[in-house]
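Undergrad: Here it is, the structure, as structure tokens.
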Amino acid sequence: MAKIIDGKAVSTAVKAQVAQEVAVLKEKNIVPGLAVIIVGDDPASRVYVNNKKKACEALGIYSEEHALPADTTQQELLALVESLNNRSDISGILCQLPLPGHLDEKKVINTISPLKDVDAFHPSNVGAIMIGDYHFLPCTPAGIMELLKAAGVEIAGKRCVVIGRSNIVGKPMAMLMLHANATVTICHSRTVDLPAVCRQADILIAAVGKAGFVTADMVKPGAVVIDVGMNRPEGGKLCGDVDFDGVEPLCSAITPVPGGVGPMTIAMLMKNTLMAAKLQNAVR
Ligand code: GUN
């Protein structure tokens, strides 16, 4: 029977630590603040943004939401980001993605001050991660590293396969595993014989965006399986990229969906917001 890695419990511990540090900052009259921008009315984005706001509230972090209509212009959005860059009460800025098609995500990300970029999407933060010299880590990969640590998974020398090459998860995930001395392979839609590559993994990380994509024939017995998927089939309930029922009996440890990686993403966002406030106030 696989160990079920409890993202809820680990995220609660991370958030408790953040809350404690927020309280210490408050004694110095510093209150971390997160500005969340959401454009349009994508229902999944609305859920994520609400959860981020709730987490801030619970930890004593100030938050404000900027909900903009779907027809917001690029100029208006960039002007908002600039104004948030210039506010001393805002430590972190997050623009919920995806943006409506007429808006240029890259330009928006590039406009967020790297010191307030709590998603770690700005090219200068991405570059910092590449060379292993960073302040912010992207929330989902950083949360996965915390889960592996909490579950006592040894990484050094292990074979890690990441399925998916997005800028948000796949690429930074591979980099963090490399920094932890894993031997890393990134698979994607053009990978030849993907199941055979996945079967080599001691640690298999699925960030594909397709429900039930990882099946038992793709998993080496005893592997650790991390499911980043957040798929909502039409009318169905939230499910991951891994066929949990088929894979769980095979592996040594696995994250469930929900209750695995998802809660960690928000916990790490809180940690980054705290870090941003410390950086801007020169608190060590
Ligand atoms: N959309 C899906 N995941 C994320 C995330 O981590 N950050 C932002 N800003 N948008 C997202």
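Undergrad: Which order, highest average first, do 194-200, 160-166 follow once you tally other Cβ atoms within 10 Å for each residue and take the mean per peptide? Don't skip to the end; give the middle numbers.
TA: Values: 194-200: 16.1, 160-166: 23.7.
With the highest mean Cβ count within 10 Å placed first, the list reads 160-166, 194-200.
Undergrad: I've got another one for you. Under 5 Å between amide hydrogens, which residues at least 5 positions from Ala67 or on another chain qualify, with H placed 1.01 Å from N in the peptide plane?
TA: It is Ile38, by chain and number.
Undergrad: A follow-up question, please. So what is log10(I(q)/I(0)) for the stretch 137-176 at q = 0.13, 0.17, 0.33 1/Å, when the Debye sum runs over its Cα atoms only?
TA: These q points yield log10 I(q)/I(0) values of -0.25, -0.43, -1.18.
Undergrad: Over the chain, with a Gaussian network built from C-alpha contacts below 10 Å, which listed residue (Leu238, Leu77, Leu25) shows the highest mean-square fluctuation?
TA: Of the options given, Leu238 has the highest mean-square fluctuation.
Undergrad: Taking GluC sites (Glu not before Pro) that fall in a DSSP loop and have at most 14 other Cβ atoms within 10 Å as cut points, what is the longest piece of the chain between them?
TA: 1-153
Undergrad: Continuing with this model, one more query. How big is D for the stretch 13-83, in µm² s⁻¹ as a whole number, if Stokes-Einstein is applied with the Kirkwood radius of its Cα pairs at 10 °C and 1.306 mPa s?
TA: Numbers: Rh = 13.7 Å.
The calculation lands on 116 µm²/s.
Undergrad: Quick one: Karplus J couplings for the stretch 7-18, per residue in order, coefficients 6.51, -1.76, 1.60, θ = phi - 60°, nearest Hz, x for Gly and Pro?
TA: x, 5, 5, 5, 5, 5, 5, 4, 5, 5, 5, 4
Undergrad: How large is log10 I(q)/I(0) at q = 0.18, 0.20, 0.25 Å⁻¹ when the Debye formula is applied to the Cα atoms of the stretch 144-227, each weighted equally and without solvent?
TA: For the requested q values the scattering log ratios are -0.69, -0.86, -1.38.
Undergrad: Counting only Cα, what are the radius of gyration and maximum Cα-Cα distance Dmax of the chain, in Å?
TA: 18.9, 57
Undergrad: Give the average over all directions of the projected area of the C-alpha convex hull of the stretch 38-187, one decimal, in nm².
TA: Working: hull surface 39.6 nm².
Average of the hull's projected areas for the stretch 38-187 equals 9.9 nm².
Undergrad: Suppose R0 equals 41 Å; then what is the FRET efficiency for Asp71 and Ile131 from their Cβ-Cβ distance, rounded to the nearest 0.05?
TA: Values: r = 40 Å, r/R0 = 0.98.
Using R0 = 41 Å, I get an efficiency of 0.55.
Undergrad: By count of other Cβ within 10 Å, fewest leading, how are Thr185, Thr215 ordered? All intermediate terms of the calculation are to be shown ahead of the outcome.
TA: On the way: Thr185 17, Thr215 13.
Final ranking by Cβ density, sparse to dense: Thr215, Thr185.
Undergrad: Mean separation of Cα pairs under 8 Å and 6+ residues apart, divided by the residue count of the chain: what relative contact order is that in percent?
TA: On the way: 556 pairs, mean separation 66.4, N = 284.
In percent, rounded to a whole number, it is 23.
Undergrad: For a quick check: sort Ser124, Ser45, Ser88 by the number of other beta carbons within 10 angstrom, fewest at the front. Can you show the working numbers first?
TA: On the way: Ser124 13, Ser45 16, Ser88 8.
The most exposed by this proxy come first: Ser88, Ser124, Ser45.
Undergrad: Run the quick spin-label model on Ala44 and Lys3: label points 7 Å from Cα toward the beta carbon, then report their separation in nm to one decimal.
TA: 3.0 nm
Since every read-out is calculated from the coordinates, none of them should be taken as a lab result. Values in this document were obtained by computation on a predicted structure and should not be read as measured data. FYI the Cβ positions are ideal-geometry reconstructions off the backbone, even for glycines, and counts take in every protein chain you see.
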